[in-house]
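Input: a single structure, listed below in structure tokens.
The values are calculated or read from the model by the stated rules, or taken from the named source; none is laboratory data. No experiment lies behind these values; they were computed from the predicted model shown. Every residue, glycine among them, receives a Cβ derived from its backbone with ideal geometry; neighbour counts consider all protein chains shown. Quick note on the areas: whole protein, heavy atoms, side chains included, nothing else; ligands and nucleic acids left out. Shrake-Rupley method; radii C 1.70, N 1.55, O 1.52, S 1.80 Å.
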Amino acid sequence: MTLPSQKLMAASRKAAARMANRDTPFIFDEWYVAAFKEEVGRALTPRKLLGKRVVMYRTEAGEVVAVEDRCPHRSLPLSLGRLDGDDIICGYHGFRYDSNGDLIEVPSQKNCPRGIGVKRYATAERGPLIWIWMGDPATADHARLPHQEWFERDDWRCTSGYFKHPGNYVSMHENLMDLTHLSYLHAATIGTPDYAYAPFETQLEEGHYTLLRKVVPTTLSPVWGKTTGLDGCNTAARIVTSEFLSPGLHRVSVTLYDSALSESARKEFKIATAHILTPEDHSSMHYFIVHGRDFALDDEKIGEFMHESLFAAFNEDVDALGALEKVLDDVDENHYEISVTSDAPAVATRTYLKRRAMAEAEARQALAEPVVINFQDTPAHAAG
Ligand code: FES
Ligand SMILES: [Fe+2]
């Protein structure tokens, strides 16, 4: 085996430098899912999101509160304290914080210091999910909330699940952008051998990257064949769109039908999966999944079978990307990767993530720059 030339290695590194990887700063000015709605109630619920410790709860009126999970007195996690009405009482020395995160009582003294508190994050509850804006709450842009209306449609049925995923969120976006891997990583669950060879089209719009794959004719794996009645049909069509919608959300939409029948005679079956990726830190993430179908709405057996089969497949991704993450721990100066044609949307996604992350990081840096006052130029100094 010939080793790659220095030229190829240099080109690979140059391309990689433009793409996000697990070390790229996070994009904070964006909506991510913090939890499924039923996870947050009248208990203090801690979760690390984008490297930040956050504690969530509901007020007595049911409103979701998410604040920084660290008492500014001596840094005990507030999640180790308790709720008193809508306030958190720190479990160490009893400082009291209201639901805005403001410190309102210090038990050991009469006067409470003013202007002290913890950050309260902007949140939005939509359908089964609680979203959180990880940047400045004053800039939270509700128009950018990537809520999916099919989560709540009466003519769709959804199930959901969660993995604590031992890999970074950039690798998972990349995994989802090119489903060539269905034929290999998921050969035993949802993939078929012809999937990887099927023609595809890509669309690269700023912030919206798509790969559309048409596998026609094909035979369907049991998860789709058995649930649609197309089992054993060797003229089935499987049309799959993978879409990057935001740093926290990727959607896969699938249409299945018998291609031997005319458009008017055939029945189409639609499936969608929201892959909801919230970094925990740079090498792990919260992987929320909502999966929906527009058929067999009241058939619980079909729903359970589909859910189990799909989640077995998603578990294969979790295992594989967990193994990949360990390899990334060991990269050395000879590390390089190559990209092929079907990687184009993934490369565009990673380039977009890097661009946004660096723009945000630069803006943060500019804000953090100390203001330098040149006293030598002041009249007072000149006079003295
Ligand atoms: S650490 Fe919270 S009150 Fe002291
Ligand atoms: Fe996969």
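If you go through region 219-234 and keep only what is in a loop (DSSP other than H, G, I, E, B) and more than 16 Å from ligand 2 (Cβ to nearest atom), you end up with Thr219, Leu220, Gly229, Leu230, Asp231, Gly232, Cys233, Asn234.
Report whether or not Tyr209 is in contact (Cβ under 8 Å) with a residue 12 or more places away in the chain, under 24 Å from Arg293 (Cβ atoms), assigned to a strand (DSSP E or B) and among the aromatic types (Phe, Trp, Tyr). Quick ask: steps written out before the conclusion?
Numbers: in contact (Cβ under 8 Å) with a residue 12 or more places away in the chain: yes; under 24 Å from Arg293 (Cβ atoms): no; assigned to a strand (DSSP E or B): yes; among the aromatic types (Phe, Trp, Tyr): yes.
Spelling it out, it is not the case that Tyr209 is in contact (Cβ under 8 Å) with a residue 12 or more places away in the chain, under 24 Å from Arg293 (Cβ atoms), assigned to a strand (DSSP E or B) and among the aromatic types (Phe, Trp, Tyr).
Can you say whether Ser264 is among the hydroxyl-bearing types (Ser, Thr, Tyr) and in contact (Cβ under 8 Å) with a residue 60 or more places away in the chain, as far as the supplied structure shows? I'd like the intermediate steps shown before the answer.
Numbers: among the hydroxyl-bearing types (Ser, Thr, Tyr): yes; in contact (Cβ under 8 Å) with a residue 60 or more places away in the chain: no.
No; evaluated as a whole, the condition is false for this residue.
Counted as qualifying within region 86-198 are the strands (runs of 3 or more DSSP E) with 2 or more residues that are within 16 Å of ligand 1 (Cβ to nearest atom), namely 87-89, 103-105. Residue under question is Tyr195, and the condition is that it be without any contact (Cβ under 8 Å) to a residue 60 or more places away in the chain, out of contact with any Asp or Glu (no Cβ under 6 Å at 6 or more places or on another chain), more than 22 Å from Ile302 (Cα to Cα) and of a type in the set (Ser, Thr, Tyr); does it hold? Considered against the rule, which asks whether it is without any contact (Cβ under 8 Å) to a residue 60 or more places away in the chain, out of contact with any Asp or Glu (no Cβ under 6 Å at 6 or more places or on another chain), more than 22 Å from Ile302 (Cα to Cα) and of a type in the set (Ser, Thr, Tyr), Tyr195 comes out as yes. Would you confirm, using the coordinates I've provided, whether Lys119 is open to solvent by 40 Å² or more (accessible area, probe 1.4 Å) and in contact (Cβ under 8 Å) with a residue 12 or more places away in the chain? It is true that Lys119 is open to solvent by 40 Å² or more (accessible area, probe 1.4 Å) and in contact (Cβ under 8 Å) with a residue 12 or more places away in the chain. Residues in region 329-347 that are crowded, with 18+ Cβ neighbours inside 10 Å and either under 17 Å from the mean Cα position of the chain (by Cα) or not small (Gly, Ala, Ser) (or both): Asp343, Pro345, Ala346, Val347.
Criterion first (at pLDDT 95 or above and not in a strand (DSSP E or B)) does Tyr57 satisfy it? So Tyr57 does not fit the description; no. Inside region 357-381, residues that are of a type in the set (A, V, I, L, M) and either surrounded by 10 or more Cβ atoms within 10 Å (Cβ to Cβ) or modelled with pLDDT of 90 or more (or both) make up a count of 5.
Yes or no, residue by residue, for (1) over 24 Å from the mean Cα position of the chain (by Cα); (2) open to solvent by 20 Å² or more (accessible area, probe 1.4 Å); (3) within 16 Å of ligand 2 (Cβ to nearest atom); (4) farther than 30 Å from Asn168 by Cβ:
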{"residue": "Met56", "(1), (2), (3), (4)": "no, no, no, no"}
{"residue": "Glu63", "(1), (2), (3), (4)": "no, yes, no, yes"}
{"residue": "Arg82", "(1), (2), (3), (4)": "yes, yes, no, yes"}
{"residue": "Cys90", "(1), (2), (3), (4)": "yes, no, no, yes"}
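Do we have any residue at all in region 286-308 that's part of a helix (DSSP H, G or I) and either of a type in the set (Ser, Thr, Tyr) or within 16 Å of ligand 1 (Cβ to nearest atom) (or both)? No. Might you let me know whether region 201-218 holds any residue that is buried (at least 18 other Cβ atoms within 10 Å of the Cβ), under 24 Å from His307 (Cβ atoms) and away from ligand 2 (no atom under 16 Å from the Cβ)? For region 201-218, residues buried (at least 18 other Cβ atoms within 10 Å of the Cβ), under 24 Å from His307 (Cβ atoms) and away from ligand 2 (no atom under 16 Å from the Cβ): present.
Condition check: closer than 21 Å to Phe244 by Cβ, within 16 Å of ligand 2 (Cβ to nearest atom) and open to solvent by 10 Å² or more (accessible area, probe 1.4 Å). Does Ala313 satisfy that? No; evaluated as a whole, the condition is false for this residue. Reported count of residues in region 323-356, each being modelled with pLDDT of 95 or more and in contact with a Pro (Cβ under 7 Å, 6 or more places away or on another chain), is 2. Looking across Pro113, Pro107, one residue alone is touching a Gly at 6+ places or on another chain (Cβ under 6 Å) and either farther than 25 Å from Glu280 by Cβ or within 16 Å of ligand 2 (Cβ to nearest atom) (or both). It is Pro107.
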